Amino acid sequence: MPGLVFILIIITSFFFTGIVIRTKSIFSGRKGPGIFQPMKDIWRLLQKENVYSQTSSFIFKIAPDIYFASVLIAIMLIPFGTQKGIFSFDGDFVFFAYILAVGKFFSIIGALDTGNSFEGMGASREALYSFLAEPAFFILMGSLALLTGYTSFGDIFNGIHFGSYISYAIGTLASFVLILIAMIENSRMPVDDPKTHLELTMIHEVMVLDNSGFDLGLILHATNLKFAMYGAIIANLFLTPGREWYFSIPIFIGVQILFAVVVGTLESFIARFRMSHNPQFIFTITSISLLIFFAVLLILGKYF
Amino acid sequence: MFGYYLIIAFFVGIVSMLNRNRVVRILLLGLFLAIQTAITIYAYFHLNESNTIYFKFDALGVIFMCVLTLLSYTTIYHSFIYLQHRKDSSRSQSIYFAALIILIIVMTCAYLASHLGIMWVFIELTTLSVAVLIYHERTPLSLEATWKYVFICSIGITITFIGIILLSIAIQETEITNFSFKAIPDQLLHVSASWLKMIFLFMIVGFCTKMGLFPMHTAAIDAHTVAPPPISAFISTTLMNVGFISIFRTYSMFAHTSILPWMNMILFLCGLISIIVSAAYLLKVNHLKRMSAYSSIEHMGIAAIGIASGGIGYFAAIFHMILHSLVKASVFYQIDQFHRNFRTYMINETGNYFKRNLPGAMVFLLLLIAITAMPPSGLFVTEFWIFKALFTSGHFFILVLALFFLSIAMYSLAKNFLYILFNQTKNLLPAEEKPNPTETYSQYILLALVVYLGINPPAGMINLIKDAVINLP
Amino acid sequence: MTNILLIAFAISLIYMGIANRLSTYINILAVQGIILFGVSFIELIQINTINLIFILFETIVFKTIAIPLFLNYVIKKNKIVREAEPFLPDFLSVVIITCIILGSFILSNIITGVHIQKMFFLVAISALLSGLFIIITRKKVVTHIMGYLVIENGVFILSLSTGNKMTMLVNTGITLDIFVSVLVLGVFVNRIGNTFEEMNVDNLTNLKD
């Protein structure tokens, strides 16, 4: 059933942020809200009416919808173990990266459209960081494609399970990189702090200052979806092939919960970087994925 | 025999470290010189006999061993003078002489080592033992120089070790892996050229720290500046000979493989850039010891070019190193006396040395002629041969460049030496003590030797050098 | 498994590029010691026991415990500022170290005709060049020593790649390693610390023309 993973990701997205927040509160010694509290907040926002500034144009109105839609389309590409996603074709990970980029582009020009100088600043930072994180994702997917010999998500994750320790080792390294990419793409801790209250230090939050009501709800839920999406990619690296759904689904959910706990832990123990330290941190991820690429080349014995 | 030498000499070194009595110290040094002379003579008459697995009295090693033994006499003599005038404590004198003895022993071992790994170990040991001597004056400056010297030499020696590991990887597929200089060339015949080039590059960069060639020349300069002058004489001559021997042996190791032209190119580059760098610094240098150090680097560059040009160049390079050792050692011995006269090494704070110390000034004047390779000096002959080798091998461009920068270096050396000797514009303080002419005798002897060897080289030496280069193409 | 450890070693080199506290450098060196322990244990399990114990002792006791503790002691005793103070921005450092790894990769593929485990070669050359890079671009004497230790680690990896045929070579290298490190670290660092106010290369520029 191709739609299974789509439904699973949607379900995961409902409690993902809740687990992150719960982990953080436990580490800081508080009881914390229930794990569905973020979802309840979003539901409350979705029922509200939008308020638009008079200076903003139609771009500002359509940007959140396109952003949300792009994330949904990207999710449709994610496979589930041996099952392919709703769409699957050769080179679909390129499409995946660029459909997300389209969403990001719209959220950036939506932010610029408000004419608010803070939002412009946030937009430029967001653009810079995505720009730096993009090579990391491509090199990582490239090494996986090289390892398996296929170029679509479904085939790559199909082929990666040849059982030797190398695939799991590469999988561990790849999930390390993917976690970091997910943290950057979702504007989480070492790079950005969603809890910050000073506009000058914000990145993503400052971009959505003018959004309200339904639009804000969409944007917030898109973040949850993206987290669940990256979690699904990581889970795919560890799904055992040839097993029935009653094995795969618990593994999937387990990996997602683990991912959320890891994110929460990281956020509890890592201090936020100075703004000037962010580019080198993000570039480090590219370097690491480049290393993985070389390692795959050397292990396979494919030289130029 | 060599084993006995090592044991006795090390024993003498350790005893002289513990000893605090002046008479005993002189006796011990005399004993050591006797042992050193004995082993040198023994080595000369037992050429190419392998005593242990790791050491061999081969021609190249014995030549430089003779130079070392000759210079040990003068260096120990001038060290006595130097320490006497500094009024150092008996303890620091003991440490000084013990380190000097150990340095001479490990240099002898480095010359005679017939095994790559052993040579490498002893080169590392020369760094450590000479560090103690460089740091003798215990000033912040000497600390700085010692730190730099040890650090750069350690990095250099590590890089060489990487070269040795790569070499071992290259030859581990042959039947027996053997690191003696005799066995390595045969095992290298099957190794690919790119791999050989890499090995050569790593090894040469490391050994350049010792020889003072271009990429790693900086360490030696600072060490020369602060070391006691007799030790500077050693660093500049016998220690650089260690580097020369290691480079020469490495070169001979690879000489029969396909990378010979490439190797020559690398050595041309190192040598030529060394000459250019030293000529550039000589133009602005104002510290007499640094000036001599840069002049040493220039001569090392000439020797490297000599190796690279092949043919008679091999012969001339070794000859050049011998003569340069004699000349440069006397420069530093005289600098010690000069320093006691003026209390400074800065050239522009001195002058009119002719009036103040006639014998020393004469030494400087003769040294100027010797070191710039003007005709009566033996260096003229060797440089002439090197340039002839360059000419016959068809490297006109390098020849022109080398000659051009050599003349710049010559001009600067002459300018500075003549300033010291004749400048009368300054009112300088009178010297605190009357210069002692007996201190200059050793320099006159060495200079006479340089002239004699240049004009009429003894047949024994010629045969030794010919024997050393016999395996080269 | 060795490959993964070596990749982890290379990642630690990249991390050194962005680390800006001396304590981070020390931790990285300790982690590298543990990685070397793992690699040598896997690679050299077949050689005789005494050599194996010697090598494992060197990696665990010396590289992982003794040197980091000593460096911490030096930093505390001489009241060294905790920042590394590079001459270059960190971003450039990371880019350059990445380029070094890229270059080593290309080099390991250009060189042909000799049977060598390319992963070892790649990581060893990267460690050598990164160590030199750290020495060149950092300001403090202590960071120079750290760069030197990184070079030593690279040499250690390379000597491991000669396999169990060349135990003599490995042991020689290790002995040198201990010898020089103890001397350089023990004697000179403290002397420099006692002589100069601050252990900075700015203090070591009196010798010039």
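The values are calculated or read from the model by the stated rules, or taken from the named source; none is laboratory data. Keep in mind that this is a model prediction, so the values were computed, not measured. Heads up, the Cβs are rebuilt from the backbone with ideal geometry, glycines too, and the neighbour counts pull from every protein chain shown.
Summary table
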quantity: Condition met for A:SER268 (buried (at least 23 other Cβ atoms within 10 Å of the Cβ) and part of a helix (DSSP H, G or I)); calculated: no
quantity: Qualifying residue in the stretch B:380-392 (condition: in a strand (DSSP E or B) and in contact (Cβ under 8 Å) with a residue 24 or more places away in the chain); calculated: no
quantity: Yes/no for B:ASP222 being closer than 25 Å to B:HIS256 by Cα and acidic (Asp, Glu); calculated: no
quantity: The stretch A:149-192, residues that are crowded, with 19+ Cβ neighbours inside 10 Å, of a type in the set (Ser, Thr, Tyr), touching an Asp or Glu at 6+ places or on another chain (Cβ under 8 Å) and closer than 23 Å to A:ASP92 by Cβ; calculated: A:SER152
quantity: Members of the stretch C:24-69 found to be farther than 13 Å from C:LEU13 by Cα, among the hydrophobic types (A, V, I, L, M, F, W, C) and touching a residue at least 60 places away in the same chain (Cβ under 8 Å), listed by number; calculated: C:LEU36, C:VAL39, C:LEU44, C:ILE47, C:PHE54, C:ILE55, C:PHE62, C:ILE67
quantity: Within the stretch C:8-59, considering residues that are away from every other protein chain (no Cβ under 14 Å), of a type in the set (S, T, N, Q) and more than 24 Å from A:ALA174 (Cα to Cα), the one surrounded by the most Cβ atoms within 10 Å (Cβ to Cβ); calculated: C:SER40
quantity: Condition check for C:ASN3: in a helix (DSSP H, G or I), polar (S, T, N, Q) and away from chain A (no Cβ under 14 Å); calculated: no
quantity: Matching residues, the stretch C:110-142, being modelled with pLDDT under 90, within 8 Å of chain B (Cβ to nearest Cβ) and within 30 Å of A:LEU300 (Cα to Cα); calculated: C:ILE110, C:ILE111, C:THR112, C:GLY113, C:VAL114, C:HIS115, C:ILE116
quantity: Any hit, the stretch A:275-298, residues being within 11 Å of chain C (Cβ to nearest Cβ), surrounded by fewer than 21 Cβ atoms within 10 Å (Cβ to Cβ), touching a residue at least 60 places away in the same chain (Cβ under 8 Å) and not in a helix (DSSP H, G or I); calculated: no
quantity: Qualifying residue in the stretch B:165-182 (condition: more than 10 Å from chain C (Cβ to nearest Cβ), over 30 Å from B:ALA43 (Cβ atoms) and either surrounded by fewer than 24 Cβ atoms within 10 Å (Cβ to Cβ) or in contact with a strand residue (DSSP E or B) (Cβ under 8 Å, 6 or more places away or on another chain) (or both)); calculated: yes
quantity: Which listed residue is assigned to a helix (DSSP H, G or I) and farther than 25 Å from B:SER295 by Cβ, from B:ASN463, B:ASN471, B:ASN416; calculated: B:ASN463
quantity: Residue under evaluation B:GLU137, criteria (1) surrounded by 22 or more Cβ atoms within 10 Å (Cβ to Cβ); (2) more than 9 Å from chain C (Cβ to nearest Cβ); (3) farther than 18 Å from B:THR237 by Cβ; (4) not β-branched (Val, Ile, Thr), criterion not met; calculated: (1)
quantity: Tally of residues being over 14 Å from A:ALA182 (Cβ atoms) and crowded, with 20+ Cβ neighbours inside 10 Å across the stretch A:251-265; calculated: 1
quantity: Selection count, the stretch B:183-197, where residues are buried (at least 20 other Cβ atoms within 10 Å of the Cβ) and at the interface with another protein chain (Cβ under 9 Å from one of its Cβ atoms); calculated: 2
quantity: From the options C:ALA84, C:ALA124, residue that is in contact (Cβ under 8 Å) with a residue 12 or more places away in the chain, crowded, with 17+ Cβ neighbours inside 10 Å, out of contact with any Phe, Trp or Tyr (no Cβ under 7 Å at 6 or more places or on another chain) and closer than 29 Å to A:PRO279 by Cα; calculated: C:ALA124
quantity: Hits in the stretch A:106-165 - residues which are closer than 30 Å to A:GLN54 by Cβ, under 17 Å from the mean Cα position of the chain (by Cα) and among the charged types (D, E, K, R); calculated: A:GLU126
quantity: Set B:ILE322, B:ILE335, B:ILE347: member being in the same structural domain as B:ALA389 (by TED's automatic domain parsing) and either more than 17 Å from B:SER292 (Cβ to Cβ) or without any contact (Cβ under 8 Å) to a residue 12 or more places away in the chain (or both); calculated: B:ILE322
quantity: Selected residue (only one of A:SER124, A:SER175, A:SER130 is closer than 23 Å to A:ALA271 by Cα, within 14 Å of chain C (Cβ to nearest Cβ) and of a type outside the set (Lys, Arg)); calculated: A:SER175
quantity: Residue among B:PHE354, B:PHE364 that alone is at pLDDT 90 or above and outside the structural domain of B:PHE80 (by TED's automatic domain parsing); calculated: B:PHE364
quantity: Number of the condition not met by B:GLY156 [criteria: (1) touching a Cys at 6+ places or on another chain (Cβ under 8 Å); (2) buried (at least 24 other Cβ atoms within 10 Å of the Cβ)]; calculated: (2)
quantity: B:SER292 vs. criteria touching a residue at least 24 places away in the same chain (Cβ under 8 Å), within 14 Å of chain C (Cβ to nearest Cβ) and either in a helix (DSSP H, G or I) or in contact with a helix residue (DSSP H, G or I) (Cβ under 9 Å, 6 or more places away or on another chain) (or both); calculated: yes
quantity: Which numbered condition B:ILE305 fails, given (1) in contact with a helix residue (DSSP H, G or I) (Cβ under 6 Å, 6 or more places away or on another chain); (2) in a helix (DSSP H, G or I); (3) closer than 24 Å to B:THR74 by Cα; calculated: (3)
quantity: Residue that is nearest to B:ARG86 (Cα to Cα) [pool: residues in the stretch B:119-131 that are of a type outside the set (Asp, Glu) and within 10 Å of chain C (Cβ to nearest Cβ)]; calculated: B:ALA131
quantity: Test: A:ASN224 is buried (at least 21 other Cβ atoms within 10 Å of the Cβ), closer than 30 Å to A:LEU46 by Cα and in contact (Cβ under 8 Å) with a residue 12 or more places away in the chain; calculated: yes
quantity: Some residue of the stretch C:186-205 being modelled with pLDDT under 85, closer than 25 Å to B:ILE123 by Cβ and more than 10 Å from chain B (Cβ to nearest Cβ); calculated: yes
quantity: Boolean, A:ALA232 is surrounded by 22 or more Cβ atoms within 10 Å (Cβ to Cβ), of a type outside the set (S, T, N, Q) and out of contact with any Asp or Glu (no Cβ under 8 Å at 6 or more places or on another chain); calculated: yes
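Results for (1) of a type in the set (A, V, I, L, M, F, W, C); (2) farther than 30 Å from B:GLY360 by Cα, shown as yes or no for each residue.
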site: B:VAL400; (1), (2): yes, yes
site: B:ASN416; (1), (2): no, no
site: B:LEU421; (1), (2): yes, no
site: B:ALA431; (1), (2): yes, no
site: B:THR438; (1), (2): no, no
site: B:LEU453; (1), (2): yes, no
